[in-house]
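Accompanying notes for the structure given below.
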Amino acid sequence: MKIVTILGSPRKRGNTAAVLQAFEALVSIEHQVERINITDYHVAGCRGCDHCFGELTEPGCLQKDDAVRLLARILAADVVVYACPVYCWSFPAQLKALLDRHYCLVKWQDGEVAAALMTGKRVALLVTCGGEADDNADLIQVMFDREIAYVRGVVVGKYVVANCTTPAELGERAAATARRMVREIIGGWAGLCSEITPTPPCKSRHICNHVTM
């Protein structure tokens, strides 16, 4: 199985990276893991020009940055894990830009969806935050659910590691979260196709109506 992990934090050695690395170390024993560090790439914001709707089998975005090749890596994966800290109850700007660019993966024609390139894609969300999870890491999970519903993917897990201070102080919490992720995302893979019901697809054409606060 090919697993793509996306570190959406501006800090490559922060709390999110520590938990994600623990997950990658465990899952790479039996599966192929490919990491995307979002800060290594240039991803501009979506222009909303809808040019991408004319290409039904590929992203089709006109912008000449790194987004299209990152989306190609996402599409080639069996599982995608999006990982980031909570910034103002939402995603860091670096990852938010890439999530907005997922807009080109759903192709609208004559008011109907003609193609959705991420249909059935298994995805998970890993979030870290400096305070409690309640009233802090709740909205980001709602936004993630709606984004994945829009692209017709399947959310197989959401994980929040709260009250983070430094990576060194995460200790067993990072390891425990990593084990849980492997167990829930990977351990049940053989039965996923029959046991997981995809989130009902979003019917709105414009993703911005569903993923912004």
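For beta carbons closer than 8 Å, sequence separation of 6+ or different chains, a first residue in the range 4-22 that is part of a strand (DSSP E or B) and a second that is of a type in the set (Gly, Ala, Ser), the qualifying pairs are Val4/Ala76; Val4/Ala77; Thr5/Ala83; Ile6/Ala83; Leu7/Ala17; Leu7/Ala83.
Here are some residues: Gly60, Gly54, Gly48. Which one is touching a helix residue (DSSP H, G or I) at 6+ places or on another chain (Cβ under 7 Å) and more than 25 Å from Met181 (Cβ to Cβ)? Walk me through how you get there before you give the answer.
Working: Gly54 fails: touching a helix residue (DSSP H, G or I) at 6+ places or on another chain (Cβ under 7 Å); Gly48 fails: touching a helix residue (DSSP H, G or I) at 6+ places or on another chain (Cβ under 7 Å).
On inspection, the qualifying residue turns out to be Gly60.
Is it true that Ala77 is touching a residue at least 40 places away in the same chain (Cβ under 8 Å) and part of a helix (DSSP H, G or I)? So Ala77 fails the test. Whether a residue is over 24 Å from Val79 (Cβ atoms), part of a helix (DSSP H, G or I) and more than 14 Å from the chain's Cα centre (by Cα) was assessed, and Ala168 passes this test.
Among the candidates Arg179, Arg101, single out the residue that is assigned to a helix (DSSP H, G or I), in contact (Cβ under 8 Å) with a residue 12 or more places away in the chain and surrounded by fewer than 16 Cβ atoms within 10 Å (Cβ to Cβ). Result of the check over Arg179, Arg101: Arg179.
Here, each number is a calculation from the coordinates, and none is a lab measurement. This structure is a prediction, so every number in the text was calculated from the model and none was measured. Because the Cβ atoms are built from the backbone with ideal geometry, glycine has one as well, and the counts that use them run over all protein chains shown.
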